[in-house]
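The next block holds one structure in the form of structure tokens; read it before the comments.
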Amino acid sequence: PSALSDKAPVSKGLLLVPSALSLLLALLLPHCQRFFVYDLQAVKDDFQIWRLICGRIICLDLKDTFCSSLLIYNFRIFERRYGSRKFASFLLGSWVLSAVGDFILVEAVRYSFGITAARNLPSGFLAPVFALFVPFYCSIPRVQVAHILGPLSITNKTLIYILGLQLFTSGSYIWIVAISGLISGLCYNSKMLQVHEVLCVPSWMAKFCSWTLEPIFSSSEPTSEARIGMGATVDIQRQQRMELLDRQLMLSQFAQVRRQRQQQGGMINWNRLFPPLRQRRNVNYQDGRQSEQQASPPLEVSEEQVARLMEMGFSRGDALEALRASNNDLNVATNFLLQH
């Protein structure tokens, strides 16, 4: 993916703009909420198409705003994996298909069970959020985290499903929006009837949005940490960040270890640290009484690794001895230098 998709401007825009407007309507402009009511009856009888657009963008319930924002934040991985244009096309396609699905479901319930659904359905950008559960279920691997109550287990996807269930049960008729969103996501993800070719963002619009959205919703890359590969699962990203934190913690211990070594004075007793490693060199020899001086010549050590250890605060002699004893493994040598 491009640098623009790495920064996920579409996901950031969906997080910031609808949430800010939802808070603005709830706190400062409550009298304007009537313009964002998802009134299907008015759309059907009075042909108020603008209600179909406004009612399916801004959430009037702050609980729905909070849950949908958390889900969009977790689903931004798809924009980073597939690119901003493909991600926006999926949202557009599922939004249009779910709008048709809402009408079909409401009419099906009325004719099948004689139940007239509410005049107003829950407002907001909810159907595409439910549609994103389809690729989330199909393409994100399931990684077990912990066991609870015997066969039940917690995975890396459990929290996302719990948030989806919370959003699913937040209103009386939100199940209509949820089902239509899941069906639209299934149709678009499976490329049924080639809807992905019809309902997609044109290339000229994608270029225009990249030119306008990049300076607004894109942030600069962090300079204090290495780049994390895009397209990884949330757990892989979390694991990589934990490894970066471990390295930072290791670096913070260097000064303390060096002060302790200076107080103790002299070189570290490497005979105490590495005798098993050195004795392994002579295992295949018939004469087990050979001294370490008669063993094979010392292993050549990379000067680059020696320089890196010296930058951490260790002396050249300790760095050479640690790298030789650890067979030029920089991580093992660093651990020995820190622990002893």
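When you check VAL143 against the structure, is it within 26 Å of the chain's Cα centre (by Cα) and within 26 Å of LYS7 (Cβ to Cβ), yes or no? Explain how you work it out, then say what you get.
Numbers: within 26 Å of the chain's Cα centre (by Cα): yes; within 26 Å of LYS7 (Cβ to Cβ): yes.
Yes; evaluated as a whole, the condition is true for this residue.
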Exercise for the section: Determine the pairs where a residue that is under 13 Å from LYS86 (Cβ atoms), located within segment 202-214, has a partner that is open to solvent by 50 Å² or more (accessible area, probe 1.4 Å) and part of a helix (DSSP H, G or I) with Cβ atoms under 6 Å apart, the partner being 6 or more residues away or on another chain. Expected result: ALA206/ARG85
Problem - Evaluation of ILE77 against (1) in contact with a Leu (Cβ under 7 Å, 6 or more places away or on another chain); (2) surrounded by 22 or more Cβ atoms within 10 Å (Cβ to Cβ); (3) assigned to a helix (DSSP H, G or I) (one fails), failing number - result: (1)
Fill in the blank from the handout: Selection from segment 9-47 of residues open to solvent by 50 Å² or more (accessible area, probe 1.4 Å) and assigned to a loop (DSSP other than H, G, I, E, B) yields LEU28, LEU29, PHE47
Completion exercise
Of the candidates LEU163, LEU152, the one satisfying the condition of being out of contact with any His (no Cβ under 6 Å at 6 or more places or on another chain), open to solvent by 20 Å² or more (accessible area, probe 1.4 Å), farther than 16 Å from ARG56 by Cα and in contact (Cβ under 8 Å) with a residue 60 or more places away in the chain is LEU163
Completion exercise
Exactly one of LYS63, LYS86 is assigned to a helix (DSSP H, G or I) and exposed (fewer than 14 other Cβ atoms within 10 Å of the Cβ), and that one is LYS63
Fill in the blank from the handout: Apart from one, (1) assigned to a helix (DSSP H, G or I); (2) surrounded by 12 or more Cβ atoms within 10 Å (Cβ to Cβ) all hold for GLU197; the odd one out is (2)
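Condition check ((1) without any contact (Cβ under 8 Å) to a residue 12 or more places away in the chain; (2) of a type in the set (Ser, Thr, Tyr); (3) over 25 Å from PHE103 (Cα atoms)) across all residues:
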site: LYS12; (1), (2), (3): no, no, yes
site: LEU15; (1), (2), (3): no, no, yes
site: SER22; (1), (2), (3): no, yes, no
site: TYR38; (1), (2), (3): no, yes, no
site: ILE49; (1), (2), (3): yes, no, no
Practice task
Would you be able to say whether some residue in segment 127-136 is more than 20 Å from the chain's Cα centre (by Cα) and buried (at least 18 other Cβ atoms within 10 Å of the Cβ)?
Solution key: yes
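The values are calculated or read from the model by the stated rules, or taken from the named source; none is laboratory data. Small disclaimer: the values here were computed from a predicted structure and weren't measured. Neighbour counts run over all protein chains shown; Cβ positions are idealised from the backbone, glycine included. These area figures cover heavy atoms from the full protein model, side chains too; ligands, DNA and RNA do not enter into them. Shrake-Rupley method; radii C 1.70, N 1.55, O 1.52, S 1.80 Å.
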